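Data block below; observations after.
The values are calculated or read from the model by the stated rules, or taken from the named source; none is laboratory data. All values reported here derive from a predicted model rather than from experimental measurement. Glycine gets a Cβ as well: all are built from the backbone with ideal geometry, and neighbour counts include every protein chain shown. Quick note on the areas: whole protein, heavy atoms, side chains included, nothing else; ligands and nucleic acids left out. Shrake-Rupley method; radii C 1.70, N 1.55, O 1.52, S 1.80 Å.
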Amino acid sequence: MARANRHYIPGCVWHITHRCHKREFLLRFARDRQRWLRWLFDGRKRFGTCILNYAVTSNHIHLLVQDGREGEVIPQTMQLIAGRTGQEYNRRKERKGAFWEDRYHATAVEADHHLIQCMVYIDLNMVRAGVVTHPSEWPFSGYNEIQNPRQRYSLIDHGRLRELLDIKSMEELKRSYRDWVEEAVAGQIGNRESRWTESIAVGSKTFVEKTKVELGIKAIGREVMEADGVYELREGDVSYNPDFGGENSGLRVENSYFWNLTI
C-alpha cells in the first residue's frame, strides 16, 4: 500500500489526520483518547510543538499545528504520540501488531479564513457523526479549551492562534470562535469535505500555487483545482481514504464504540 503523504514547509499551518489500523476502533475508550492527549502534551513540552486545534475520535485523530523552523518537530511529535499510544494499548490488551493505519496525512492550510474553516471542521467532527449535537459535548477536541483556557496542561497555543487570526484578546477569540461554530452547527453541516483530508494544500490560488512551487519535485503530477472559490493542490492518486462508513451506535461519550465517523 502506498503511504499517506506528508510534506513540510517551515512556518506553514498543517492539518494532520491519522486513523487506526484497518479502521478499527482502537480509541473507543475514553482512557485511550485521554492518553493520546497526554502524549500530545508531552510532545508539546519536549519539542515545542505549536498546536492550534485537535480532535480525537474512536478511530482517528485530527491535529492542527504550525510548523516551526525546525523541520523535525512535527515528525518527532507524531512519532512520540503514535508510538506511545500504541505501545500502551497493546500492553494493556496483550495485543500485538500495528495500532495505526499507514502514515498520517498532512494538508497545508492558508492562515486566513481557510484556517477558521478548518478549525471549525475539526471541532464539528463528532457533530457530523451524530454522536453529539454540539462540539462542547465532546471533551476530546479543542473547542472547550478555546472557550475555557486551562491554567495547567494546556495544549493550544492561544497566543499564536490569535496572532494568525489577527485577534487582539482572548475574550475576542472565545467570542468569535463560538460564533463561527454556532453558525456552522445551525447550518446543519453534515457532509465530509475531502479537501481537508485528501489535498496537499488548501487556500487561495496564490497560496496553493506557491505551496506547489515550494514543494518542488514532490509536487510533480499534482494538480491545482478550484471548487466554490477554494483552491486545492490535489494528489494524483489519493491512497488515504478517510471515509469510515458504518452507522452510529448511539453509545455513551465516555465509553462508546462510535460508527459513522467521517473525517
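If the reach is capped at under 26 angstrom between alpha carbons, list the lysines near Lys96, excluding any in the same chain fewer than eight residues apart.
Lys22
Find the relative contact order for segment 1-107 and round it to a whole percent, using C-alpha pairs within less than 8 Å whose residues are 6+ positions apart.
Relative contact order for segment 1-107 comes out at 44 percent.
Size of the dipole of segment 161-202 about the Cα centre, Lys and Arg at +1 and Asp and Glu at -1 on the beta carbon, nothing else charged, in debye to 20?
With Lys and Arg at +1 and Asp and Glu at -1, about 80 debye.
Whole-Hz ³J(HN,Hα) for each residue in segment 194-208, computed from phi via Karplus 6.51 cos²θ - 1.76 cosθ + 1.60 with θ = phi - 60°, x for glycine and proline: what do you get?
3J(HN,Hα) across segment 194-208, in whole Hz: 5, 4, 7, 10, 10, 8, 8, 8, 9, x, 6, 4, 4, 5, 5.
Note down the magnitude of the dipole of segment 1-132 about its Cα centre, charges +1 on Lys and Arg C-beta and -1 on Asp and Glu C-beta and zero elsewhere, to the nearest 20 debye.
Roughly 760 debye, rounded to the nearest 20.
HN-Hα J couplings of segment 177-187 from phi, Karplus 6.51/-1.76/1.60, θ = phi - 60°, integer Hz, Gly and Pro as x?
5, 4, 5, 5, 5, 4, 5, 5, 5, 5, x
What's the center-to-center distance, using Cα atoms, between segment 201-222 and segment 110-141 in Å?
The distance from the Cα centre of segment 201-222 to that of segment 110-141 comes to 26 Å.
Quick one: which of 86-96, 123-133, 139-149 comes out on top by average Cβ neighbours within 10 Å, and what's the full order, highest first?
Top of the packing list down: 123-133, 139-149, 86-96.
Return the long-range amide H neighbours of Cys20 (sequence gap of 5 or more, or a different chain), with a cut-off of under 5 Å between placed amide H atoms.
The list, which skips near neighbours in sequence, is His60, Glu101.
For segment 98-229, with all protein chains present and a 1.4 Å probe, just round the carbon and sulfur fraction of the accessible area to a whole percent.
46 percent
Can you list the lysines whose alpha carbon is less than 28 Å from that of Lys174, not counting same-chain residues fewer than 8 positions off?
Candidates past the 8-residue exclusion: Lys45.
Roughly how big is segment 85-214's charge dipole about its Cα centre, with Cβ charges of +1 (Lys, Arg) and -1 (Asp, Glu), in debye to the nearest 20?
Roughly 560 debye for segment 85-214.
Using a 1.4 angstrom probe, figure out how much accessible area segment 135-235 has per residue, in square angstrom, rounded to the nearest whole.
I get 54 Å² per residue for segment 135-235.
How big, in percent, is the set of alpha carbon pairs in segment 141-182 lying more than 11 Å apart?
64 percent
Heavy atoms of the protein only, probe of 1.4 Å, neighbouring chains included. What is the accessible area of His113 in Å², nearest 10?
100 Å²
Roughly how much of Arg178 is accessible, in Å² to the nearest 10, using a 1.4 Å probe?
90 Å²
Which shape class applies to segment 166-233: rounded if a/c is under 1.5, otherwise prolate when a/b exceeds b/c and oblate if not, where a ≥ b ≥ c are the square roots of the Cα gyration tensor eigenvalues?
Since a/c reaches 1.5 but b/c is at least a/b, the shape of segment 166-233 is classed as oblate.
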